[in-house]
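The values are calculated or read from the model by the stated rules, or taken from the named source; none is laboratory data. Everything numeric here is computed off the predicted structure, so don't read it as measured data. Cβ coordinates were reconstructed from backbone atoms using ideal geometry, including for glycine residues, and neighbour counts include every protein chain displayed. SASA here: full protein model, heavy atoms, side chains in, ligands and nucleic acids out. Shrake-Rupley method; radii C 1.70, N 1.55, O 1.52, S 1.80 Å.
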Amino acid sequence: MSNTAETANSCEQGDEPVSFEASKLGRKDHWDSVYDREINTFRETGDIGEVWFGEDTAAKMVTWVCNNIDDTDARILDVGCGNGHLLLELAEDGGYTNLTGTDYSAQAIELAKGIAASRGLGDKITFVEQDFLSATEVARIAGEARFDVVLDKGTYDAICLKPKDGGADVDQQAIDTYPESVVGSLKDSGVFLITSCNWTEDELVARFATHLECVGRVKHRSFKFGGAVGQTFATVAFKKAK
């Protein structure tokens, strides 16, 4: 693994962030419906569907991996992979060959498998259903070897919107379980790279501080509002806390 300093700024911890109200974006039935439609569209037109957070954001994550993970056979996991776009890019542009994508939506996995097969990448990417909030499921997918890299592009955001018992409150237990699942999936020397549209860089650092320490950040397009400068997305790299 290369030095992450080239994409890193300060990794000091910020204040603990506020939470959101629950949303359909945190519900499995919503995503099953979305991917049902996208499967039909792919079969009819070949369109792979929406690239969550856009292609530019995905490209920045791919570039970070390529700049920091030298071994193209490194075990890489994309949590909540959706249509598999991020892993497809890592295989095609980065030459990575040991890629796994998981999602709790069977429809997402069906779509991702179909797209990968259509591009001749079925031997480089494994797509499988997984409840990432289940310790048993985490152990099943990670195995004893576990992963060198865990990627998240919007999955933690969705989990932070997951309804508790179908109500308006978010499922705090699910939110608290997620970092433990990341740790359980990673090798001791592994790296976790997350992109969020709901949380700032400092908020992500604060939220994962108990389990993980920040080792780098990826810059996105910035904006200025009310005298403050912010980014549309936040991408932060972590390693296991000592």
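Among the residues of segment 148-173, those that are farther than 20 Å from Ala112 by Cα and crowded, with 16+ Cβ neighbours inside 10 Å comprise Asp148, Asp157, Ile159, Cys160, Leu161, Lys162, Pro163, Val170, Asp171. Give the residues of segment 178-212 that are of a type in the set (S, T, N, Q), within 17 Å of Gly154 (Cα to Cα) and within 15 Å of the chain's Cα centre (by Cα), sorted by residue number. Residues satisfying the conditions are Ser181, Thr195, Ser196, Asn198.
Ala241 passes every criterion in (1) closer than 30 Å to Asp71 by Cβ; (2) modelled with pLDDT of 90 or more; (3) out of contact with any Ser or Thr (no Cβ under 6 Å at 6 or more places or on another chain) apart from (2).
Taking each residue of segment 46-58 that is of a type in the set (S, T, N, Q) and looking for partners that are open to solvent by less than 40 Å² (accessible area, probe 1.4 Å) and outside any loop (DSSP other than H, G, I, E, B) with beta-carbon atoms closer than 7 Å, six or more apart or interchain, yields Thr57/Thr195. Among the residues of segment 116-129, those that are over 21 Å from Trp64 (Cα atoms) and crowded, with 22+ Cβ neighbours inside 10 Å comprise Ala116, Phe127. Of the residues making up segment 183-220, those that are open to solvent by less than 20 Å² (accessible area, probe 1.4 Å), in a helix (DSSP H, G or I) and in contact (Cβ under 8 Å) with a residue 60 or more places away in the chain are Ser185, Val205, Ala206. Here Asp70 fits the description: more than 19 Å from the chain's Cα centre (by Cα) and either surrounded by 18 or more Cβ atoms within 10 Å (Cβ to Cβ) or touching a residue at least 40 places away in the same chain (Cβ under 8 Å) (or both). For segment 40-65, which residues satisfy the criterion of being in a helix (DSSP H, G or I), hydrophobic (A, V, I, L, M, F, W, C), surrounded by 17 or more Cβ atoms within 10 Å (Cβ to Cβ) and within 21 Å of the chain's Cα centre (by Cα)? Listed by number, the residues that qualify are Ala58, Met61, Val62, Trp64, Val65.
Which of the residues spanning segment 104-115 are open to solvent by 10 Å² or more (accessible area, probe 1.4 Å) and either in contact (Cβ under 8 Å) with a residue 60 or more places away in the chain or hydroxyl-bearing (Ser, Thr, Tyr) (or both)? Scanning segment 104-115 gives Tyr104, Ala106, Gln107, Glu110, Gly114.
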